[in-house]
Each structure stands twice: as structure tokens, then as C-alpha cells.
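The values are calculated or read from the model by the stated rules, or taken from the named source; none is laboratory data. Computed from a prediction, not measured in an experiment: that's the story for all the values here. Using ideal geometry, Cβ is built from the backbone for each residue, glycine included, and neighbour counts are taken over all protein chains shown. Ligands, DNA and RNA are stripped out before the accessible areas are found, and what is left, the full protein with its side chains, is counted by its heavy atoms. Shrake-Rupley method; radii C 1.70, N 1.55, O 1.52, S 1.80 Å.
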Amino acid sequence: NDAAQLNYVVFMIDHGWAPYRQIFEMNQPGIYLANWTVLHTLGRSDLAWRIFDYLLMALLTAGMVVVCRRERSAGRGSSGWFPGVFGGVLFALYHLRDGAGQMGQRDLIIGVLMVCAYAFMFQALHRRDWRLMFGVGFCAVSSATMKPTPLPFAMLLVFLAIMRWRKL
């Protein structure tokens, strides 16, 4: 039930209170920015959080399609949309079955950002375009501003990309 607590903290921030100083809070600043953005763009209703979750599920599914895509150089074509869509829909059904209390979860946002980081890395390696690695960095750093646990995965991701790039 992160959304309700974080909505209150964002409400207090909007009314002049300072987190960590006047509001006893353990979350990192990135999640406040994510919640603030949802509240100020989509609104303060339950529908806003449902829309946000559906947008996250669509982004996650798109990332999974990119990750599941096969390389053409392997002679197997470029299909892979089915496992990506299947995985994304299965994940969405699993997440959405928990109901409104689980809308806008911090760990869900982090997970979607890390799947997007992997998708950017796969695209960078497939296209041999190192500029796409900025997407990896943006997604990984954005997730790390919400919770520090994805940092080892992000470092491993960059290490694997460097090792793969040396072979290309």
C-alpha cells in the first residue's frame, strides 16, 4: 500500500513540509518525484493510479518484446513478440489481481525501469549503437533514486554490455 502513504507525503510536500526534516519518512526522493508527477498530471483519483499502472504494464510489455526478440543474424528471424506480449500480459494479470491497494507500488516502478534498461541494452547491442546506453543509464539511475537495490543489477548490466561490445 505504498500509494496511499506516498500520496500523503506528496500532499504534505505540496503544502510546505520538508521530507526527512519535518516528515518522518524512509523513502528516497525518486519515488516522491514519480508520485508527484502522477498526482499532478493524472489527478488524485483512484482512476489516475489505475491509468498509471496500465501505462507501466504497457511499458513493461514493450520492454519484454524487445528483450525476447531474436537476432536476425542467428537465422531465426525477428519474431519474439509473442513471448514478450505473453510475459507482459501474464505479469499484468498477476499484478492487477491484487487490487487497488497495490496500485503505484514502488517496487513495480523499479522493476519496469530495470526491464526497460535491459531492453535499451539489447537494442544497443543489436544495433551496435552505444548512444542507446544512455537509456540504460537513465532507467537504472531513475530506479536507484527510488531504492538502492537495483544498483548491483545496473552495474552488472553495464559490465555485460562492455564485455559483449569487446567481442563485436
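What to note about this one:
- Segment 9-27, residues that are open to solvent by 60 Å² or more (accessible area, probe 1.4 Å) and at pLDDT below 90: 20, 21, 22, 24, 26
- Considering 154, 92, the condition of being over 17 Å from residue 2 (Cβ atoms) and surrounded by 19 or more Cβ atoms within 10 Å (Cβ to Cβ) is satisfied by 154 alone.
- When 6, 47 are checked against the criterion of being of a type outside the set (Gly, Ala, Ser), open to solvent by less than 60 Å² (accessible area, probe 1.4 Å) and either in contact with a His (Cβ under 9 Å, 6 or more places away or on another chain) or assigned to a helix (DSSP H, G or I) (or both), a single residue qualifies: 6.
- The one condition in (1) in a helix (DSSP H, G or I); (2) closer than 28 Å to residue 136 by Cβ; (3) in contact with a Leu (Cβ under 9 Å, 6 or more places away or on another chain) that residue 11 fails to fulfil: (2)
- Every test in (1) outside any helix (DSSP H, G or I); (2) touching a Pro at 6+ places or on another chain (Cβ under 6 Å); (3) among the aliphatic types (A, V, I, L, M) is passed by residue 26 save one, and that test is (2).
- Cβ pairs under 8 Å, 6+ apart, first in segment 67-86 and open to solvent by 60 Å² or more (accessible area, probe 1.4 Å) and outside any loop (DSSP other than H, G, I, E, B), second at pLDDT 70 or above and among the hydroxyl-bearing types (Ser, Thr, Tyr): none
- Residue in segment 88-111 that is farther than 26 Å from residue 38 by Cα and either outside any helix (DSSP H, G or I) or modelled with pLDDT of 85 or more (or both) present: no
- Checking each residue of segment 50-61 against the condition of being more than 18 Å from the chain's Cα centre (by Cα) and either modelled with pLDDT of 90 or more or surrounded by fewer than 17 Cβ atoms within 10 Å (Cβ to Cβ) (or both) gives no match.
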